[in-house]
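K.L.:
Okay, handing you the structure first.
The values are calculated or read from the model by the stated rules, or taken from the named source; none is laboratory data. Here the structure is a predicted model, which means the values were calculated and not measured. Here the Cβ positions follow ideal geometry from the backbone for every residue, glycine too, while neighbour counts run over all protein chains shown.
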Amino acid sequence: MSLKAIAAVLGLSVTTVSRALNGYQDVAPETRKRIEEEAQRRGYRPNAAARRLKTGRANAVGLVYPINSSPLSGSDFSDMLLALDHHLARYEINLLLLADKQQSPSNLTRLLRSGAVDALIVGHTTPEDSRLHTLLQTNFRFLALGRSDLPSTYAWFDVDHLAGSQLAVSWSLAQGRQRIAWLGSNENSTQVRDRRQGYLTALGEVAPYAMAAVAPSRRAGYHQTREWLADVSVPEVIITDCAALAEGAAVVLHQAGRAAGEGAILLAGWEGLPRDAILDHPVVAIRQAAPYKAGEQVAEMVMQLINGAPPETLQTLWQPWLQLPA
């Protein structure tokens, strides 16, 4: 089934059909949907090799992510990846997962020279990210998952991590509790830094009860919470910056009889508990948009980049919200 046949059935030009199926954004959404549905109904599959020769594109997007960072194995990140891959596939674009053990700019340079991808998605952004610096110098198309402290002339997708932590602290203070502990990760990322800073900013003149920077794991959350509960003056609230730490803290609170009742210690945190958590513990969760929505949003932004949209016009900041226990 050729483009000409699809165009004839729909009463459209071959050019319009071709541009719609190749992801160009100058085709009206309603028209694009008609074309995609008709192509799918007829089992049309474009010749990838011919399209590469015609467009000069690799028809692939690379996701650069350090393999030693905890979100890579998290369920939310996996769900986002699946949605991203599925959405890019609608444009006949392959998603390549590119392991970056040391966040090395030289790895990026070799990749760009190969011409294997049309754009890059850079994950686990750090405050002074050398990868972004390299990409800005090469003028290659990329989108960052998170922001760095570099001049923001690049495309990025992020969540307001500062605001999310502020919501949790403000809620805790409204409950009349001021001994608020921060149980945070020790990873070097802008996300971790901003979540911690949101906690400090929201406290205002209230002194932090305690702050910890530990490995983002259940074990680390467990041991740190046990240490705090051994003090004479225990925290009234523990806020975590990831779900694994929250589960470790929840186990200790249950063991210590602090999960409910008059002496309960409140638990709040980003993402709440993991979906496979053993315990059913009440947590004030700092929620982000569903991972599949984030994946779709990132895919659309990358396609706009590939089709020539200025990077500085592709900057999206989503707002988190609190989800109180039922």
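K.L.:
Which count do you get for residues in region 239-272 that are in contact with a strand residue (DSSP E or B) (Cβ under 8 Å, 6 or more places away or on another chain) and either modelled with pLDDT under 90 or closer than 27 Å to residue 82 by Cβ (or both)?
P.N.:
So the first thing to find is which residues in region 239-272 are in contact with a strand residue (DSSP E or B) (Cβ under 8 Å, 6 or more places away or on another chain), and the list is 239-243, 245-246, 249-250, 253, 265-272.
Restricting the remaining residues to those that are either modelled with pLDDT under 90 or closer than 27 Å to residue 82 by Cβ (or both) gives 240-243, 245-246, 269-272.
Going through region 239-272 one residue at a time, the tally reaches 10.
K.L.:
Moving to a separate point now. Looking at (1) modelled with pLDDT of 95 or more; (2) more than 20 Å from residue 288 (Cα to Cα); (3) among the aliphatic types (A, V, I, L, M); (4) crowded, with 18+ Cβ neighbours inside 10 Å, can you tell me which one residue 183 breaks?
P.N.:
(2) is the only condition that residue 183 fails.
K.L.:
Kindly provide the set of residues from region 186-207 that are assigned to a helix (DSSP H, G or I) and either under 22 Å from residue 295 (Cα atoms) or without any contact (Cβ under 8 Å) to a residue 40 or more places away in the chain (or both), ordered by number. Give the steps one after another, and end with the answer.
P.N.:
Start the filter on region 186-207 by keeping residues that are assigned to a helix (DSSP H, G or I), which leaves 190-203.
Within region 186-207, 190, 191, 192, 194, 195, 197, 198, 200, 201, 202, 203 qualify.
K.L.:
Another one. Could you please find all residues in region 270-326 being touching a Pro at 6+ places or on another chain (Cβ under 9 Å), outside any loop (DSSP other than H, G, I, E, B) and not basic (Lys, Arg)?
P.N.:
Matches in region 270-326: 270, 284, 285, 286, 305.
K.L.:
Here is a list of conditions, (1) over 19 Å from the mean Cα position of the chain (by Cα); (2) surrounded by fewer than 21 Cβ atoms within 10 Å (Cβ to Cβ); (3) assigned to a strand (DSSP E or B), and residue 170 meets all of them except one; can you say which number that is?
P.N.:
All conditions pass for residue 170, except number (3).
K.L.:
Is there a residue being closer than 24 Å to residue 76 by Cα and touching a residue at least 40 places away in the same chain (Cβ under 8 Å) anywhere in region 171-180?
P.N.:
Start the filter on region 171-180 by keeping residues that are closer than 24 Å to residue 76 by Cα, which leaves none.
Looking for residues that are closer than 24 Å to residue 76 by Cα and touching a residue at least 40 places away in the same chain (Cβ under 8 Å), one finds none in region 171-180, hence no.
K.L.:
Still on this model: Give the residues of region 246-269 that are part of a loop (DSSP other than H, G, I, E, B) and within 18 Å of residue 192 (Cα to Cα), sorted by residue number. So that I can check it myself, show each step before the final result.
P.N.:
Keep residues of region 246-269 that are part of a loop (DSSP other than H, G, I, E, B), which gives 256-265.
Scanning region 246-269 gives no hits.
K.L.:
Determine whether region 131-138 contains at least one residue that is surrounded by fewer than 18 Cβ atoms within 10 Å (Cβ to Cβ), over 29 Å from residue 24 (Cα atoms) and either free of Cβ contacts under 8 Å to residues at least 24 places away in the same chain or not hydroxyl-bearing (Ser, Thr, Tyr) (or both). If you could, list the steps in order and put the result at the bottom.
P.N.:
Step one: of region 131-138, the residues surrounded by fewer than 18 Cβ atoms within 10 Å (Cβ to Cβ) are 133, 136-138.
Imposing the further condition that a residue be over 29 Å from residue 24 (Cα atoms) reduces the set to none.
For region 131-138, residues surrounded by fewer than 18 Cβ atoms within 10 Å (Cβ to Cβ), over 29 Å from residue 24 (Cα atoms) and either free of Cβ contacts under 8 Å to residues at least 24 places away in the same chain or not hydroxyl-bearing (Ser, Thr, Tyr) (or both): absent.
K.L.:
Looking at (1) in contact with a helix residue (DSSP H, G or I) (Cβ under 7 Å, 6 or more places away or on another chain); (2) at pLDDT 70 or above, find the lone condition where residue 25 falls short.
P.N.:
(2)
K.L.:
Here is a further query. On the given criteria, is residue 225 modelled with pLDDT of 95 or more, surrounded by 21 or more Cβ atoms within 10 Å (Cβ to Cβ) and more than 22 Å from the chain's Cα centre (by Cα)? Give the derivation first.
P.N.:
Values: modelled with pLDDT of 95 or more: yes; surrounded by 21 or more Cβ atoms within 10 Å (Cβ to Cβ): yes; more than 22 Å from the chain's Cα centre (by Cα): yes.
It is true that residue 225 is modelled with pLDDT of 95 or more, surrounded by 21 or more Cβ atoms within 10 Å (Cβ to Cβ) and more than 22 Å from the chain's Cα centre (by Cα).
K.L.:
Restricting to region 14-38, count the residues that are over 18 Å from residue 88 (Cβ atoms), within 29 Å of the chain's Cα centre (by Cα) and surrounded by 12 or more Cβ atoms within 10 Å (Cβ to Cβ).
P.N.:
0
K.L.:
Moving to a separate point now. Six or more apart or on different chains, Cβ atoms under 7 Å: show the pairs whose first residue is in region 140-151 and over 14 Å from residue 190 (Cβ atoms) and whose second is aromatic (Phe, Trp, Tyr).
P.N.:
Close Cβ pairs (under 7 Å, with a partner that is aromatic (Phe, Trp, Tyr)) amount to 142/154; 143/156; 143/157.
K.L.:
For region 1-20, name all the residues that are in contact with a helix residue (DSSP H, G or I) (Cβ under 6 Å, 6 or more places away or on another chain) and under 19 Å from residue 299 (Cβ atoms).
P.N.:
20
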